[in-house]
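Asks: Quick one: structure below, then a few questions.
We did not get these values from a lab; they are worked out from the coordinates using the rules stated. In this text the structure is predicted, and so the values were computed from the model without any measurement. Here Cβ is always computed from backbone atoms with ideal geometry, including for glycine, and neighbour counts include all displayed protein chains.
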Amino acid sequence: MSQKEPDVSTPSGAHQRMLPRWIIIDDLLGGTERMRAAAETYMPQHDNESNKNYLNRLSRATLVNALEDTLDTLAGKPFSEEIILGQDVPADLENLLLDVDMRGTALQPFCQKWFREGWAKGIGCVFVDMP
């Protein structure tokens, strides 16, 4: 049996090593609901704990999302002041920066969200596709 030749859709070894860590971050940022949905992953059932008692304990568990607050604070600081473009920025580029992702997001909130993701995951990438 031959192994499939890697292509652009093949995750790298570094990606595979980081994926479990990113899942934890995504679960934490998902808040109480995500933690409860993951149930046994973060709140294992105790030995001799009945299913009824476990489900009751799980339904009362609350996640204090200090991570989300911390990320919002860290990512907000560099963008607390408006990004000011230089005089030499072409008008076409200025217009583009009002909708950088073609979803209505201006440069400032786009950068803040990207920076927050970088803090959370330890890496951030932006794919630019334009003529």
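Asks: Below 8 Å, C-alpha to C-alpha, sequence gap of six or more: please give me the relative contact order for the chain in percent.
Replies: Worked out over the chain, it gives 20 percent.
Asks: Using Stokes-Einstein with the Kirkwood hydrodynamic radius over Cα pairs, what translational diffusion coefficient do you get for the chain at 10 °C and a viscosity of 1.306 mPa s, in µm²/s rounded to a whole number?
Replies: 84 µm²/s
Asks: Rounded to two decimals, what ratio of Rg to Rh does segment 33-105 give with C-alpha atoms and a Kirkwood Rh?
Replies: Radius of gyration over Kirkwood radius for segment 33-105 works out to 1.35.
Asks: Give the range of the longest stretch in the chain that excludes all trypsin sites (Lys or Arg not before Pro) found in loop regions by DSSP and having at most 15 other beta-carbon atoms within 10 Å.
Replies: The longest such stretch corresponds to 5-102.
Asks: Also: Can you work out ³J(HN,Hα) from phi for every residue in segment 7-18, in order, using Karplus 6.51 cos²θ - 1.76 cosθ + 1.60 and θ = phi - 60°, giving whole Hz and x for Gly and Pro?
Replies: These are the phi-based 3J(HN,Hα) values: 9, 5, 8, 7, x, 6, x, 4, 4, 4, 5, 7 Hz.
Asks: Rounded to two decimals, what is the ratio between the C-alpha radius of gyration of segment 1-71 and 2.2 N^0.38 Å?
Replies: 1.58
Asks: Can you pull out the GluC sites (Glu not before Pro) in segment 41-115 whose DSSP state is coil and whose Cβ has at most 10 other Cβ atoms within 10 Å?
Replies: Glu81, Glu82
Asks: Using θ = phi - 60° and the Karplus form 6.51 cos²θ - 1.76 cosθ + 1.60, what ³J(HN,Hα) does each residue of segment 61-77 get, whole Hz, x for Gly and Pro?
Replies: Computed from phi, the couplings for segment 61-77 are 5, 10, 9, 7, 8, 5, 4, 4, 4, 5, 4, 4, 5, 4, 6, x, 4 Hz.
Asks: While we're on this one: Taking a cut-off of 21 Å between Cα atoms, list the lysines near Lys121, but don't count ones fewer than 8 places away on the same chain.
Replies: Lys77, Lys113
Asks: Could you tell me how many degrees, from 0 to 90 and to the nearest 10, lie between the Cα long axis of helix 51-60 and the main elongation axis, the longest principal axis, of the Cα atoms of the chain?
Replies: Once rounded, the angle reads 30 degrees.
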